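First the structure, in the form of structure tokens, and then the observations on it.
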Amino acid sequence: MKILIYGLNYYPEQTGIGKYSGEMAEWFAAQGHDVKVIASPPYYPQWRLPVSYRNWYHKEYVNGVEIYRCPLYVPKGKVTTLKRLLHLLSFTFSSLPMLAFRFKWQPHVVINVVPALFTTPAAMLFSKIISAKLVLHIQDFESDAMFGLGMAKKGFIARSWSRVERFLLRRATRITTISKAMIENAVSKGANSETALFFPNWSEISRFESVKGVREFKASLSLPKGKTLVLYSGNIGKKQGLDLIVRAAKLKQSQGLHFVICGDGAAKLELQALAAESGLGNISFLPLQPYEKLPQLLALADVHLVIQNAGVADAVLPSKLTNILAVGGNAVITTSADTEMGKLITDYEGIAVMVKPNCEKDLLRGIELAAVTEKPNRTAINYAQKNLDKVEILSTFRDHLVKTIE
């Protein structure tokens, strides 16, 4: 099977969409499929290119996958709505030549990864011309998040974008998303419910079982001893609303809790400044850790934080949760009972603690409950083993792709 993966983010990005797109492509290549990728150079979550990459067209081969990199505009400083739109549009237009050059190759399937819905019209036209099947894989309803957070005003623009979304979703051969709530969202926007498929993000379960070297890794990070470590690890952006952690840390400066924020993102400098202004000694900022150290990082935490603003709700689903569950972490999740994560907590008693978004007092209450929960969390581990195994999820997806092109 010839598979073209077309989307903004890709390996070697260690978090979010790029991580999962990279693992998916390499898994298909390892199974003997011919896989090509059109993507940008890596820039996320730091919002800057590493020195080893130039922001121009080039081709590379990584683990059996042929990757075509296309230049894009990477915003500097605060990532505003306008800058984000220019960022997305720059890749949309720069990737068109690379897409056109793949006509002769004629893939059987085009997997267009969203967000980057601006690339979907080109992917749709390309697929139609060569008679390929178009799979729209929705990792994030970015427009919903933007309007939900107030980053863009509702009105004419929102109505126009809604019509565009409906047009595009109706014409994909198959829609896949990472949560059941996002499937419902896609169907409400015009996707065909009969061709919509639940394709969740996964965990490499075996990497997070009986993790060794945790004590040594903790010592290397110079984290305080004798404290309850409360960890947030992942992207530091506006969607997360991580100022909540700083506000909670300010209320508990002498209570034996130490907050750790590990990662990178557009809002990191602003968050660090907020913590510095408050003179907090019970909060540490760590850079994004190498993926090979992720099991140790997650295993050392007493409590994990999965935080989102209320405005994004089911528009996005934090990918960090899969590995937290796999390692048996005790998570505190800011959500409501009617969301995908809320239903997960309700259906699997003890898997995590649910607290309402944007309330530091409620967050601290949840942390206190999670801190006294048995570690590792067996409910979380059992759920991950049954539902989040990488090989099983990708094998199921492959079988659906085969049926799609038959």
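The values are calculated or read from the model by the stated rules, or taken from the named source; none is laboratory data. Computed from a predicted model, the values in this text were never measured in an experiment. Cβ atoms come from the backbone with ideal geometry, glycine included; neighbour counts cover every protein chain shown. What goes into the accessible areas is simple: the full protein's heavy atoms, side chains included, and nothing from ligands, DNA or RNA. Shrake-Rupley method; radii C 1.70, N 1.55, O 1.52, S 1.80 Å.
Things to note:
- Region 232-250, subset assigned to a helix (DSSP H, G or I) and open to solvent by less than 10 Å² (accessible area, probe 1.4 Å), residue nearest to Lys361 (Cα to Cα): Ala248
- In this structure, Thr228 does not satisfy being within 22 Å of Asn112 (Cβ to Cβ) and in contact with a strand residue (DSSP E or B) (Cβ under 6 Å, 6 or more places away or on another chain).
- One residue alone among Ser220, Ser206, Ser210 is under 28 Å from Ile17 (Cβ atoms) and of a type in the set (Ser, Thr, Tyr), and that residue is Ser206.
- Screening Ala299 on (1) in contact with a strand residue (DSSP E or B) (Cβ under 9 Å, 6 or more places away or on another chain); (2) open to solvent by less than 30 Å² (accessible area, probe 1.4 Å); (3) modelled with pLDDT of 90 or more shows it passes everything except condition (1).
- Criterion (at negative phi, in a helix (DSSP H, G or I), among the aromatic types (Phe, Trp, Tyr) and at pLDDT 95 or above) met by exactly one of Phe147, Phe118, Phe126: Phe126
- Reported count of residues in region 370-405, each being surrounded by fewer than 16 Cβ atoms within 10 Å (Cβ to Cβ), within 30 Å of Leu251 (Cβ to Cβ) and hydrophobic (A, V, I, L, M, F, W, C), is 1.
- The listed residue being outside any helix (DSSP H, G or I), surrounded by fewer than 21 Cβ atoms within 10 Å (Cβ to Cβ), in contact with a helix residue (DSSP H, G or I) (Cβ under 8 Å, 6 or more places away or on another chain) and at pLDDT 95 or above, out of Leu229, Leu223: Leu229
- Within region 181-215, the residues that satisfy the criterion of being open to solvent by 20 Å² or more (accessible area, probe 1.4 Å), outside any loop (DSSP other than H, G, I, E, B), among the small types (Gly, Ala, Ser) and over 18 Å from Ala299 (Cα atoms) are Ser188, Ala196.
- Residues that are open to solvent by 80 Å² or more (accessible area, probe 1.4 Å) and in contact with a strand residue (DSSP E or B) (Cβ under 9 Å, 6 or more places away or on another chain), drawn from region 170-180: Arg171, Lys180
So that you can scan it fast, the table gives a plain yes or no per residue for (1) modelled with pLDDT of 95 or more; (2) open to solvent by 50 Å² or more (accessible area, probe 1.4 Å); (3) more than 23 Å from Ala100 (Cα to Cα):
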| position | (1), (2), (3) |
| --- | --- |
| Lys2 | yes, yes, no |
| Tyr11 | yes, yes, no |
| Thr15 | no, no, yes |
| Tyr20 | yes, no, yes |
| Ala29 | yes, no, no |
| Ser40 | yes, no, no |
| His58 | yes, no, no |
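- Single match in Ile324, Ile351, Ile367, Ile381 (criterion: assigned to a loop (DSSP other than H, G, I, E, B), modelled with pLDDT of 95 or more and not basic (Lys, Arg)): Ile351
- Restricted to region 332-356, and to residues there that are out of contact with any strand residue (DSSP E or B) (no Cβ under 9 Å at 6 or more places or on another chain) and not charged (D, E, K, R), the residue that is most open to solvent (accessible area, probe 1.4 Å) is Tyr348.
- Residue in region 313-320 that is at pLDDT below 95 and of a type in the set (Lys, Arg) present: yes
- Checked against the criterion of being out of contact with any Ser or Thr (no Cβ under 7 Å at 6 or more places or on another chain), without any contact (Cβ under 8 Å) to a residue 24 or more places away in the chain and among the basic types (Lys, Arg), the candidates Lys19, Lys59, Lys36 yield just one match: Lys59.
A quick yes/no check of all residues on (1) surrounded by fewer than 19 Cβ atoms within 10 Å (Cβ to Cβ); (2) closer than 18 Å to Arg365 by Cβ:
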residue	(1), (2)
Gly256	yes, yes
Glu270	yes, no
Leu274	yes, no
Tyr291	yes, no
Pro318	no, no
Ile324	no, no
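- Boolean, Ala266 is touching a Gly at 6+ places or on another chain (Cβ under 6 Å) and either part of a loop (DSSP other than H, G, I, E, B) or aliphatic (A, V, I, L, M) (or both): yes
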